[in-house]
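The values are calculated or read from the model by the stated rules, or taken from the named source; none is laboratory data. These figures come from a predicted structure and were not determined experimentally. No Cβ is skipped: glycine too gets one built from the backbone with ideal geometry, and neighbour counts run over all protein chains shown. Protein only, heavy atoms only, side chains kept; ligands, DNA and RNA dropped before computing areas. Shrake-Rupley method; radii C 1.70, N 1.55, O 1.52, S 1.80 Å.
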Amino acid sequence: MFSSWLTQLNRGLATPIGRVAPLIWGSLSRSLMLSSQRRVPELSSFVARTNTCGELRSSHLGQEVTLCGWIQYRRQNIFLVLRDFQGLVQVLIPQDESAASVKKVLCEAPLESVVQVSGTVVSRPLGQENPKMPTGQIEIKVKAAELLNSCKKLPFEIKDFVKKTEALRLQYRYLDLRSFQMQYNLRLRSQMVMKMREYLCGCHGFVDVETPTLFKRTPGGAKEFVIPSREPGKFYSLPQSPQQFKQLLMVGGLDRYFQVARCYRDEGSRPDRQPEFTQIDIEMSFVDQTGIRSLIEGLLQYSWPSDKGPVGVPFPSMTFAEALASYGTDKPDTRFGMKIVDVSDMFRNTGAGFLRDALSQPQGSAKAIRVPEGVEVLPVFPEANRNWNSPVAKVVMEEQGLGLIRRMETQEEDMVLLTAGEHESVCSSLGKLRLECADLLEARGVVLRDPALFSFLWVVDFPLFLPKEENPRELVSAHHPFTAPHPSDIHLLHTEPEKVRSQHYDLVLNGNEIGGGSIRIHDAQLQRYILETLLKEDVRLLSHLLQALDSGAPPHGGIALGLDRLICLVTGASSIRDVIAFPKSFRGHDLLSSAPDFVPPEDLKPYHIQVSWPTGSGAEKNSLNQPQHPES
């Protein structure tokens with residue numbers, strides 16, 4: 001049977017076993033190439049319709065068609081608009097007695113009922129065309145109709161202009177998905193992922209590998225979800241990412257891996273975050289930062305929607321130190337100016353007490369940003385060259401007024417924000433103010449950030465470690481503990497580890513981090529030293545990885561793109577929840593199914609778990625009942 005299949009695959013040619021793999025690969029490549037060149041999907045294959053509602057045009061005039069869809073609205077029992085995933089089409093309801101049964105079906109069916117109609121594509125009468133509809137030149141003269149399913153009264157209308165609360169949309173997500181915007185978002189997401197697969201597998205030989213979602217607790221990073229097992233006291237964890245697995249795949253010689261990976265983080269209620277999310281996860285052997293960055297630039301260029309304009313490569317890069325100093329953040333929005341300017345040298349001998357005190361401290365600095373037309377935004381701040389009613393402002397202007405105006409290139413209606421303190425703190429504060437001022441300016445009609453512009457930026461040379469918040473004398477990984485130190489800084493690991501830079505790189509788009517990765521540590525001894533000595537981690541939890549690195553691990557590195565955030569920015573959606581089919585709410589709840597839900601005590605016994613209910617919560621009683629939606 002295998003021989004027969006192989007013969008057919010290679011068009012009847014007798015093929016030696018040694019050439020099977022290359023020929024299969026070549027066949028796959030040709031197949032991918034052909035599929036990517038197919039311009040018109042067969043949207044009506046295998047189903048009862050002949051066409052979709054949104055595809056019909058004047059070129060279809062005279063054709064007999066069968067359509068299936070939802071009744072969008074009806075007018076005077078003469079016209080009906082039918083909707084499917086691709087668009088709308090007008091249906092002409094027959095008025096003659098011979099078609100009374102057809103008229104009855106189409107006139108009595110409630111809106112959003114599912115119907116099938118058959119008829120002829122005809123031109124709309126002269127003057128009744130609708131240029132706003134792609135199908136506005138034609139309509140369907142119906143000959144037969146069937147009610148496939150009647151619709152009861154819905155909690156909201158399926159129209160994009162009808163405002164719904166997000167809680168209501170999530171509770172009835174199956175209805176919200178019918179909207180044109182959600183259809184567009186999810187289909188664009190699907191198309192981009194498919195192009196990414198073609199680029200990685202078809203063009204560059206990556207292998208798509210699924211990794212487990214039941215794993216073990218690992219040190220570092222975000223909190224993990226814990227899953228009970230039937231063994232007393234033993235638990236699984238849902239992985240934050242496939243990080244360890246993809247490194248093990250490199251040790252295993254897979255060479256090039258990728259996955260559209262589901263990831264999990266128990267981060268609680270955080271704005272615009274999801275407990276479960278999706279990454280385009282990538283790892284390569286024998287690669288450096290330049291290779292990873294070139295790969296991702298090509299990937300995004302290849303998969304970018306044609307209606308969003310071309311992606312220019314290579315993307316610019318900026319060090320972490322430069323990003324912090326100029327924008328006050330490691331994910332700067334470079335679509336507009338208002339950069340942070342260091343003015344410390346101007347105020348070394350100032351009479352302004354807060355400036356003098358700040359500059360006398362270690363790492364002390366004075367910095368400023370110029371807000372164009374800022375006087376119109378925050379009138380409480382006086383103009384740069386008029387009356388300064390603040391005592392500090394008065395001292396500043398008396399001492400360095402003209403110099404500050406020249407340094408900041410201040411114009412008539414501009415506002416200058418000046419602050420002083422520890423370098424990183426000052427930069428961070430001004431970075432936040434920069435974005436707040438941009439929002440305020442744009443709310444008043446000042447154009448700063450072009451919504452059609454996609455500004456990519458690589459941020460590199462991050463610190464390898466950061467001080468722990470609860471104990472600054474101890475260190476935590478700035479990225480994750482598997483990130484390799486910068487080759488130029490390895491000598492500092494044993495003496496001044498806080499000064500070591502990492503081979504970590506982030507990809508930023510319009511002020512949002514959409515990807516992050518690093519070159520990994522492939523030396524077991526170095527990995528053990530960082531985990532055990534510097535991070536004070538229990539290396540027993542990672543013994544499997546350390547053993548693997550000691551088994552001939554190749555140099556390797558990778559990156560993960562946040563697919564939800566990327567699609568959100570591409571579509572212009574206001575939240576990542578608008579590009580996920582079934583997202584969780586702000587509080588991490590599934591309002592559609594009421595998850596998380598109570599579990600009866602008898603169902604917990606096999607897992608050796610007993611719930612300790614908060615006193616007076618009434619939760620034990622509620623566990624036997626269906627809970628209400630907490631956010632409805």
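Please say if segment 216-297 is rounded, prolate or oblate, where rounded means a/c under 1.5 for a ≥ b ≥ c the square roots of the C-alpha gyration tensor eigenvalues, and otherwise the choice is prolate for a/b larger than b/c and oblate otherwise? Oblate, because a/c is 1.5 or more while a/b does not exceed b/c. Entry note, the chain: the mean residue ellipticity at 222 nm calculated from DSSP H runs of n ≥ 4, each adding -39500 (n - 2.57), is -8000 deg cm²/dmol after division by the residues and rounding to the nearest 500. Counted by Cβ distance under 12 Å from residue 51, the other residues give a net charge of -2, where Lys and Arg count +1 and Asp and Glu count -1. Between residue 514 and 507, 508, 509, the built amide H atoms are under 5 Å apart, and every one of these is 5 or more places off in sequence or on another chain.
Tell me the carbon and sulfur percent of the accessible area for segment 45-153, rounded to whole percent, probe radius 1.4 Å.
Answer for segment 45-153 is 54 percent, counting heavy atoms of protein chains only.
Of the peptides 162-169, 101-108, 317-324, the ranking by mean beta-carbon count within 10 Å, highest at the top, reads 317-324, 101-108, 162-169.
For segment 356-368, backbone phi angles converted through the Karplus equation (6.51, -1.76, 1.60; θ = phi - 60°) give residue-by-residue couplings of 4, 5, 5, 6, 7, 8, x, 6, x, 7, 10, 9, 8 Hz, Gly and Pro being listed as x.
The dipole here belongs to segment 418-500: it is taken about the Cα centre, uses +1 on the Cβ of Lys and Arg and -1 on the Cβ of Asp and Glu, and is about 200 debye. Short to long, the 10 Å bins of the Cα pair-distance histogram for segment 177-328 hold 9, 27, 35, 24, 5, 1 percent of all pairs. The alpha carbons of segment 493-552 stretch over 40, 28, 20 Å along the principal axes, in descending order. Taking loop as defined by DSSP and a crowding limit of 15 other beta carbons within 10 Å, which GluC sites (Glu not before Pro) in segment 118-162 fit? Within segment 118-162, the qualifying GluC sites (Glu not before Pro) (loop, at most 15 other Cβ atoms within 10 Å) are 129, 157. Largest to smallest in accessible area, the residues 264, 505 fall in the order 264, 505 (1.4 Å probe, all protein chains included). For segment 563-595 versus segment 490-529, the spacing of their alpha-carbon centroids is 30 Å.
Accessible surface computed residue by residue for segment 128-196, with neighbouring protein chains in place and a 1.4 Å probe, gives 60 Å² per residue. Projecting label points 7 angstrom from Cα along Cα→Cβ for residue 227 and residue 607 puts them 1.1 nm apart. Dipole magnitude for the chain: about 1840 debye, using +1 per Lys or Arg Cβ and -1 per Asp or Glu Cβ, origin at the Cα centre.
Extension gain for the segment residue 470 to residue 124, taken as residue separation times 0.36 nm less the Cα-Cα distance, is 117.4 nm to one decimal. Our analysis of segment 459-513 gives Rg over Rh at 1.02, with the two radii drawn from alpha carbon positions and Rh computed by the Kirkwood formula. Quick one: what does P(r) look like for segment 539-593 with 5 Å bins over all Cα pairs, in whole %? Bins of 5 Å from zero give 4, 15, 14, 12, 10, 7, 10, 16, 11, 2 percent of pairs. Treating each Cα of segment 568-616 as one equal point scatterer and applying the Debye formula with no solvent, the log10 of I(q)/I(0) at q = 0.21 Å⁻¹ comes out as -0.84.
Taking 37 °C and 0.692 mPa s as the conditions, I'd like the Stokes-Einstein D for segment 108-235 in µm²/s, using the Kirkwood hydrodynamic radius from alpha carbon pairs. D = 157 µm²/s.
Computed packing ranks the peptides 235-248, 444-457, 84-97 as 235-248, 84-97, 444-457, most packed first, by mean other Cβ atoms within 10 Å.
Compared with the alpha-carbon gap, the fully stretched path from residue 207 to residue 597 is longer by 136.6 nm at 0.36 nm per residue. In segment 396-550, the C-alpha radius of gyration followed by the widest Cα-Cα span (Dmax) gives 21.6, 67 angstrom. What is the set of long-range amide H partners of residue 455 at a cut-off below 5 Å, with H atoms built 1.01 Å from backbone N? Here 510 satisfy the definition. Amide H contacts under 5 Å for residue 236: 227, 229, restricted to partners 5 or more places along the chain or on a different chain, H placed in the peptide plane at 1.01 Å from N.
Applying the Kirkwood pairwise sum to the alpha-carbon positions of segment 98-158 produces a hydrodynamic radius of 13.4 angstrom. Two numbers describe the Cα atoms of the chain: Rg and Dmax, which are 30.7, 97 Å.
Can you tell me the relative contact order of the chain? Whole percent, Cα pairs under 8 Å, sequence separation 6 or more. Let's see the in-between values first.
Values: 1069 pairs, mean separation 76.8, N = 632.
Relative CO of the chain lands at 12 percent.
Classification of segment 427-504 by its C-alpha gyration tensor yields a prolate form. The axis ratio a/c (a ≥ b ≥ c) is 1.5 or more, and a/b outweighs b/c.
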